[in-house]
Each structure stands twice: as structure tokens, then as C-alpha cells.
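One structure is given below, encoded as C-alpha cells.
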Amino acid sequence: MAAQKGIKQVDWVKVSSNRGYIKAKEVVTKHVRTLKVNGQDVDTIGISIHWGFTGIAKKGYTANNLTPSVSDANSQTPEAFLVNVEKV
């Protein structure tokens with residue numbers, strides 16, 4: 001996906017969902033592969049969700065800006081959801 005969108009290692013990207021957006025540094029890896037779902041290619045991305053608002057994370061740029069309000073009953077981890085990734 002990164003190659004298709006012209007995104008390289010540590011480029012800034014905007015990740016957006018229906019709920020909001022964040023800006024983040026891209027880490028390109030071959031460990032997460034494209035899935036085939038009903039004949040369509042579907043890419044998976046990962047975002048750290050346990051960073052605070054200070055320190056290495058930039059204030060305000062957390063995965064919570066993107067996540068739906070529905071979470072797993074035990075862990076409170078958000079369900080999977082759709083996002084768009086674009087180079088900034």
C-alpha cells in the first residue's frame with residue numbers, strides 16, 4: 001500500500017476515519033500483508049494506542065481520535081474500523 005501511495009519510511013502520513021484524523025510517521029513493513037476479501041485487496045495498518053499525551057507522542061495525535069465508540073467487552077480495545085492513509 002505504501003508503494004502504491006508513494007509513501008516511504010518515516011514519511012508523514014494523515015490517517016483519517018469518519019471520526020477524525022491523526023498525523024503520524026510511517027513505518028513501512030512487509031510483515032503485514034494485503035488480504036483478499038471477496039475478491040478485493042484489503043490492507044491492514046497498525047497504530048499504537050497506549051501512548052500518552054506527552055513525551056514521544058505529539059499532543060493530540062492519538063489513535064483515540066480515529067476509533068469508534070464500540071470496544072471489546074474485556075480489554076476495551078476498539079473494534080477494527082476503516083481508515084484512509086495519505087501522504088502529507
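The values are calculated or read from the model by the stated rules, or taken from the named source; none is laboratory data. Just so we're clear, the structure is a prediction, and the values are computed from it rather than from any experiment. As a convention, Cβ positions derive from the backbone with ideal geometry for all residues, glycine included, and neighbour counts pool all protein chains shown.
Can you work out which of the residues in the range 35-53 that are within 15 Å of Val83 (Cβ to Cβ) and assigned to a loop (DSSP other than H, G, I, E, B) is modelled with the lowest pLDDT? Among them, the one singled out is Ile49. Among the conditions (1) at pLDDT 85 or above; (2) surrounded by 14 or more Cβ atoms within 10 Å (Cβ to Cβ); (3) more than 12 Å from the chain's Cα centre (by Cα), the only one that Val83 does not satisfy is (3).
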